[in-house]
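Take a look at the structure set out below.
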Amino acid sequence: MTPELWKKVDDVLGRALELEGAARQEWIDRECGTDETLRREVLTLLKSDSEAQGFVVANVEAGLREFDEADTRTVRRAGPYRLTEELGRGGMGSVYLGERDDGQYQGQVAVKLVRPGMDTDFFLMRFKRERQALARLQHSHIARLLDSGTAEDGSPYIVMERVQGIPINSYVRDNDLSVRQILEIYLKVCAGVSHAHRHFIVHRDLKPGNILVEADGSPKLLDFGICKMLMGGGGPNDTGETSHMMTPDYASPEQVRGDPITISSDVYSLGAVLYELLSGARPHRIEKLTPQAVCKAVCEDTVIKPSDATADRTRARQLEGDLDTIVLKAMQKDADRRYISVEQFAEDLRRVIANEPVIARPDTAMYLAGKFVRRNRKSVLAASIAVLVLIGLSAAWARQAYTARQQAAEARRLANTMLFDVHDEILNLPGSLKARENIIRSGLGYLDRMAEQAPNDASLQADLAAAYLRIGDVQGAVSSSHTGDVDRALSSYRKGLASAARAARQRGAAITTLDLHHRIGHIFDTRDTTQALLHYDAGIEAGERLRRANPTDEGVGRALARLYGAKAITLRREEKRDAALEAGAKSIALLRDLTARFPQDLQLRSDLAGTSSNMGAVLRGMDRLAEARPLLEESARVWEQLCRERPSNTGFQRNRMLTFSHLGDLLGNPTMENLGDKEGARAAYQGMIAVAEQLYQQNPGDQKARTDFGIALGRVAAIPLETPEARLAMLAKAQALLQESLRRDPKNVVLTTNLGSQLGLQADLLSLSGRSAEAQARYREAMKVLTSQPAVANSRLLVGVLQRAAEDSLRQGRSADALASVNQAVRLSESAASAAGASLPLRLLPPLAYLNAAAVHEKLREPVEALRWRRKALDAYVPLSAEKGFPAPLRKTMDQLQSALAGGGK
Amino acid sequence: MANPAEGRSEVTQLLIDWRQGDQQALERLTPLIYNELRRLAAGYLARERAAATLQPTALVAEAYIRLVGQELPEFRSRSHFFGVAAHLMRQVLVDHARKFRSQKRGGGQAKVSIDEALSFSPDRGGDIIALNDALDALAKIDERKCKVIEMRFFGGLSVEETAEALGISVATVGREQRVAEAWLYKEMRREEEGAQAGGA
């Protein structure tokens, strides 16, 4: 790629990434124009962007992993020491258990070997110097340096006294030491550190893992000065608590900041360790191991008192007062305010044991206030998280320190940072809800002030509209079930509309307006359909106006397609089918045009397939079966293409399967109105089975896949093309699957409905084959399954099953059984219809059952009874026929019935 | 300074020397950083196994805190220092991976076990050398983006620190990073597919 082209790509892409959906597409269109090379590059990179999340980290991680895998070293000895066992491994070297061969030193030692590659002159010189310093330390509470030398391969080693103990925090916890016992042991630790300080050696890495307590209760300090030499590569007896290596819980603020270290840093660390020993809690809450988070926790956050940190109430009372004060004095962030020496710190601990007044005094209010101001100034300057930036900006705004131009720039920066970087970054963090709310709240406050202060800056208002849109999306996404959040989202969208209105001439704002209307409509969709439709229409009107000005604008096209599609779904639910079809057709037309122009766009194509399928279903419901067919076929075709291109996308696969099922139903499902194309239906159902079986075999344990496969088999079995035996075999297989699913999810209505329906079909087939006894048993089984879950579909199926059971009985000449079944159906339908709030399909059941009864009486040559039932059926139908949603096919049947009855009860 | 080693850590001194053009300083720096990183990597992986969340980038930053924690280097700013260090970190990681792999595969042992072959499959989480190559390619057309990636992912710098080190706005860093990631992803995919097609 030429630098010129890259520069263009970079410019277009950079901005495109900040935009979304329609606005993004519009931007790309405008910038690329007819430059197809540019457009292709941008689109390819946009696609990469959607997949690139986290992949750089994964690659860096792979590099780190290779570090871990690399261990080429197998050393057996160092000087006179035989190395028996590796105790631990650190960065600069490994620690081995060693024994001296020549008997000069009895017992075990810890041998630290420096890693090859470390043996530079520079390092060796340093090593030697440190070793000399350590050799001066002779103290009963410091692990002794015994020997040192150079191994055969030239790398230096040191030999330390082997300490067999456990980390002091574990020791305190395991032995449940009292405050006094802790302090007594701790004074010995302080004595060791103090000894080293007198020899000008600072430990730098005091932590429980470096303070081991031996069986006799005597503490030993490890790694004195070694951390400087070996970077703390785990003490000779490090218990492998790697968390200590990573967690700067005990590091002083100056260490974290990278400031010079003095003995005061050791005082701090001693305080931090004592904090943990006394309270059982770590002094800091470090959320992430980033430099910012660590720095904030250690250098800025106030350390809570040990007595407040402990969960033990008795212990809390013992710590209150002097011990709280002492520990916090040792842990002062300002080194000058700590104890000036470990000795002084130890002296105060001794005074506590002796019940004498201590040197330490609590912080004064004045001191704390000054500290607070300093801390806050710092956090604004060095803000590492957006919230702080925002609060800082708000404060600056309040002081009116910003000019209008700066505000506009800040708004854009804010929108980008907050809405893309920060929010997306924390989106996947566990427990980030609070942070997200914070970001949203701070962001909103800021946006609101900006919107008020610069009402006439059109470009600013356009940005604000986009920001409100994004914020609303975030609020809505925080918890879609939480109505409070939905209300807040609605409020943001409305503010967005207001801002967009002030920026009416800005193209970006115009498309944002369409999206805002779409979102508001969507929120109202389930609450207030009138409002929802008003917003969809407002968006559509504005969108159509834009389209007239620029008919090929992709951004407008996308937004409009979304609006029409949403409107169609709402209208369909409202049973306004004609209007739904009209809107759906517009959406489909736009999507067809867009998919032709952008054939690689998966979103557009799946939208098209979904909307076509939906509209096909609407047409089917209106009995316009022939019109539904091309839509469902188109949908199936698009899903098939998508599945070929993205074979691993199970969502596409499943949609394809569902569309096949709709198509098969339309073409020839014998239990519904259909086009009578049994072959077509079978082909569609077989397509359905193929997908379902594949999904099932990929994941046999998946409840959904298993159920889908069982339902698909049942659908094919329902078409009377195969032999009854073949159909029965399919049903047996299907039932095994559905029974298994039902066993795991006994309350699932879909399962009971499908299983009940299949059992009924099985019984029908058995009855046709003259196996009446088996058929009756299956009918009973079907009734049992269908009555186990109250549902509209189940009640309807039940009435049908009872009817067919009655017919079977009739064929066998068992009229009493037939009448019993019919009467049961009547009773059942009446009770279902009389339930409070019963829906129309349920209230349609009794007349249906009466008609069935009439048919049975007819067959039993009881015309008077039959006529009585027919009249009863008609009487029940008539009041219902005025209701919305009365099914068209039924109306036809009813009209026929009415005319037949009018004709003298033929 | 009577005793330079007392006042300033060797890492800081070496970084300053290296930055001032002393190539030998880099040679001495590498083992220091190498080993610190290795130690931390072991800890990181142990934590990862314990299902704790920790970013590898934070790990890298942690390595630097430990290496130079004692002194604030005499750089324009801490961010700047981290930026230099990030580049070094990348070099260390890549050099190590190269050496490690040649050791693993070399020595007349051409045979690679199935387990080993699998362990290098791309599914397992990536390839530092491939990333490095892609970064080199990126640097040729857009050096600043390469720097942003280095600082963010090898140096563990925050968006703000990266912005400060490069003297650009926070928003620009976000944008540059995103574009660079998309570009690198595409580039590495291309390489991967090319390799597969060639090998088939």
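Please treat every number below as a calculation from the coordinates, not as lab data. In this text the structure is predicted, and so the values were computed from the model without any measurement. Here the Cβ positions follow ideal geometry from the backbone for every residue, glycine too, while neighbour counts run over all protein chains shown.
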Where only C-alpha atoms are counted, convex hull volume of segment A:729-882 per residue in Å³: 103
Cβ-based exposure ranking for A:Thr650, A:Thr723, A:Thr513, in which fewest neighbours within 10 Å come first: A:Thr723, A:Thr650, A:Thr513
Cβ-based net charge around A:Gly756, under 11 Å, with every Lys or Arg adding one and every Asp or Glu removing one: +2
Table column - 3J(HN,Hα) (Hz), segment A:695-708, Karplus curve with 6.51, -1.76, 1.60, x for Gly and Pro: 5, 5, 5, 5, 8, x, x, 7, 4, 5, 5, 5, 4, 4
Neighbour-count ranking [beta-carbon atoms within 10 angstrom, fewest first] of B:His96, A:His518: B:His96, A:His518
Mean shadow area of segment A:636-775 over all directions, Cα convex hull, nm²: 8.5
For residues of B:143-153, the mean tally of beta carbons on other chains within 10 Å: 1
Karplus 3J(HN,Hα) series, Hz, for segment A:855-861 with 6.51 cos²θ - 1.76 cosθ + 1.60 (x for Gly, Pro): 4, 5, 5, 4, 5, 7, 6
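Please compute the alpha carbon radius of gyration of segment A:820-886, then divide it by the globular-protein estimate 2.2 N^0.38 Å. Two decimals is fine.
Compactness ratio reported: 1.13.
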Average Cα contact separation per residue, segment A:1-43, under 8 Å, 6 or more apart, as relative contact order %: 41
Calculated P(r) of segment A:168-228 - Cα pairs past 19 Å, %: 29
Positive minus negative residues near A:Ala561 (Lys, Arg vs Asp, Glu; Cβ under 10 Å): +2
Evaluated at q = 0.16, 0.23 Å⁻¹: base-10 log I(q)/I(0), Debye formula over Cα of segment A:589-683: -0.63, -1.09
Filter on A:Lys112/A:Lys188; A:Lys576/A:Lys704; A:Lys567/A:Lys884; A:Lys586/A:Lys892; A:Lys704/A:Lys733 - keep pairs with C-alpha separation over 23 Å: A:Lys112/A:Lys188; A:Lys576/A:Lys704; A:Lys586/A:Lys892
Set A:Lys47/B:Lys147; A:Lys333/B:Lys145; A:Lys296/A:Lys329; A:Lys747/A:Lys872; A:Lys296/B:Lys147 screened for pairs whose C-alpha atoms are more than 30 Å apart: A:Lys333/B:Lys145; A:Lys747/A:Lys872
Spin-label model distance (nm) - A:Glu36 vs A:Gln898, 7 Å beyond Cα toward Cβ: 6.2
Surrounding net charge for A:Ala684, when Lys and Arg each add one and Asp and Glu each subtract one, Cβ distance under 14 Å: +1
Neighbouring partner chain Cβ atoms per residue of A:41-48, average, 10 Å criterion: 3
Gain on full stretching of the segment that runs from A:Arg82 to A:Ile304 - 0.36 nm per residue minus C-alpha separation: 75.0 nm
Protection proxy ranking of A:671-678, A:596-603, B:129-136 - average other beta-carbon atoms within 10 Å, highest first: B:129-136, A:671-678, A:596-603
Cβ-derived FRET efficiency at R0 60 Å, B:His87 paired with A:Arg891, nearest 0.05: 0.15
Fully extended contour minus Cα-Cα distance, from A:Glu693 to A:Ser648, at 0.36 nm per residue: 14.7 nm
Per residue convex hull volume, Cα atoms of segment A:1-43, in Å³: 56
Per-residue Cβ neighbour rank within 10 angstrom, fewest leading, A:Met615, A:Met730: A:Met730, A:Met615
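Hey, got the average number of other protein chain Cβ atoms within 10 angstrom for residues in B:129-135? Write down the numbers at each step before the final one.
Details: counts 4, 2, 7, 2, 0, 2, 2.
The mean count of partner-chain Cβ atoms within 10 Å per residue comes to 3.
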